[in-house]
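Shown next, in C-alpha cells, is the structure this report addresses.
Every number here is computed from the coordinates shown, using simple stated rules; none is lab data. Since we're looking at a predicted model, the values are computed, not measured. Neighbour counts are summed over all protein chains in view; Cβ atoms, including those assigned to glycine, are modelled from backbone coordinates with ideal geometry.
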Amino acid sequence: MAESNGAELVFQVDPPSIARLKRSKHVKVLMGPVPRVVVLAANAGSGATAPVEVRKAISLAIQREGIAAAVLRAPGTGATQMFANSVPAWHDERLPALAYDPDAARTLLDTQGWTPGADDIRQKDGERLRLKLLTYSDRPELPLIATALQAQLRDVGIDVEVSVANASAIPAAHNDGTLQLALYGRNYALVPDPLVTLLADFGNGGAEWGPLGWDNPQFERTMSMLLASDDPTEQQRLRNQIVALIQHDLPLIPIAWYRQSIAVSNAVENAAIDPFERTFGLSTMRWAE
C-alpha cells in the first residue's frame, strides 16, 4: 500500500519492509521510540520459574542485542531495563544493565539443582526443564523473537515449546494459573504516565498482562509511597526503586524496546511520530506543493 500510493500513511511497518521502503524514491520512513516493551512473563508463583534464580538464568541466556539487530532490524533497542531513556522519569542510568552471560545462567541453574541430561536438557528429580511459551502473531515479530528465545534458552539447557495462539490465550492461562512463559508487547503509554499501567499490571501479585504470582511487599509499599508523595525529588527516588525491584526479581523479563515506524508518502509533509501514540498528527500535516 505504501509503495503503490494506496495509503499516504502506513503505521507499524514490519522490519523487512522498513529496509525495502527505505530504498523507495516515493516513500520516506520515520522511526521513533515509544514506551512499548517486548517482555517475557515467567510464572513467579509456581513451577520451575518460581525461584528468582531461574528467572535470572533465563534473562542471562537472552542475547537481546542480537534479537534487536537480527529480528527487529533495530540495533540498539535491546532492553537493558524495563524502560528506555525515551521515558526519562522511569529510566535509571545507574541501574546495572541486563546482561547476556550464558555461563552465569548455567551456574545459576546448577545451584537450583537443574543438571544437564544426556541430551543436554536440564532435569531435576526426574523432571525435564521444559517450558511452554505462549505468544501471538498479531505483532508479526513476536513469533520470530519466540523462535530466537527458544534457541538461546536451549543453549543453557532449557527446552522451550513455542505455541503461537490467539492473544487471548495469555490472559486465559494467567487466570487459570497454567501460564509458564508468555511473550508479548506491553504498551506503558496507555496514559501519559506509565505509573497507571504499572500499578494495574503489578499490583496484588500481577494482572492479566503483568506478572503471575509475584509477591514483593517492598514493591507494594514503594508504590503506595509514590502515590502519596507530592515531592518531585522523592517521587523520582521511588520510581528508581520500583524499576530496581523489577530488575532484581524479574517478574517480567524485558527483551527489547519498541520503535514506532511509519511509511509516509512524499506527497505528505510534516508527518511525525507521537511517542505516546495519542495522535496521528493530522492537524500539522500538509499536502506537498
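Would you kindly calculate the translational diffusion coefficient of segment 134-253, applying Stokes-Einstein with the Kirkwood radius from alpha carbon pairs, for 20 °C and a viscosity of 1.002 mPa s, and quote it in µm² s⁻¹ without decimals? Working shown, then result.
On the way: Rh = 15.9 Å.
It diffuses with D of about 135 µm²/s by this estimate.
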Treating only Lys and Arg (+1) and Asp and Glu (-1) as charged, each at its beta carbon, one finds that the chain has a dipole about its Cα centre, in Debye to the nearest 20, of 700
Working note, segment 243-289: Cα radius of gyration (Å, one decimal) and Dmax (Å, whole number) are 17.5, 55
The Kirkwood hydrodynamic radius of segment 1-122, taken as the inverse of the mean 1/r over all distinct Cα pairs, in Å, comes to 17.6
Once normalised by the length of segment 14-93, the mean sequence separation of its alpha carbon contacts under 8 Å that are 6 or more apart gives a contact order in percent of 25
Candidates ASP120, ASP231, ASP110; GNM for the chain (alpha-carbon contacts under 10 Å) flags as most fluctuating ASP231
Cα-based Rg and Dmax for segment 201-270, in Å, come out at 17.6, 55
For 125-134, 204-213, ranked highest to lowest by mean beta-carbon neighbours within 10 Å, the order is 204-213, 125-134
With the 8 Å Cα cutoff and a minimum separation of six or more residues, segment 133-289 has a relative contact order in percent of 15
Scoring the chain by relative contact order with C-alpha pairs under 8 Å, at least six apart, yields a percentage of 33
Taking Cα atoms, the helix 102-111 axis meets the longest principal axis of the chain at an angle in degrees (rounded to 10) of 30
Rg (one decimal) and Dmax (whole number) from the Cα set of the chain, in Å, equal 20.3, 72
Using alpha carbon positions and the Kirkwood radius, the Rg to Rh ratio of segment 1-62 is 1.28
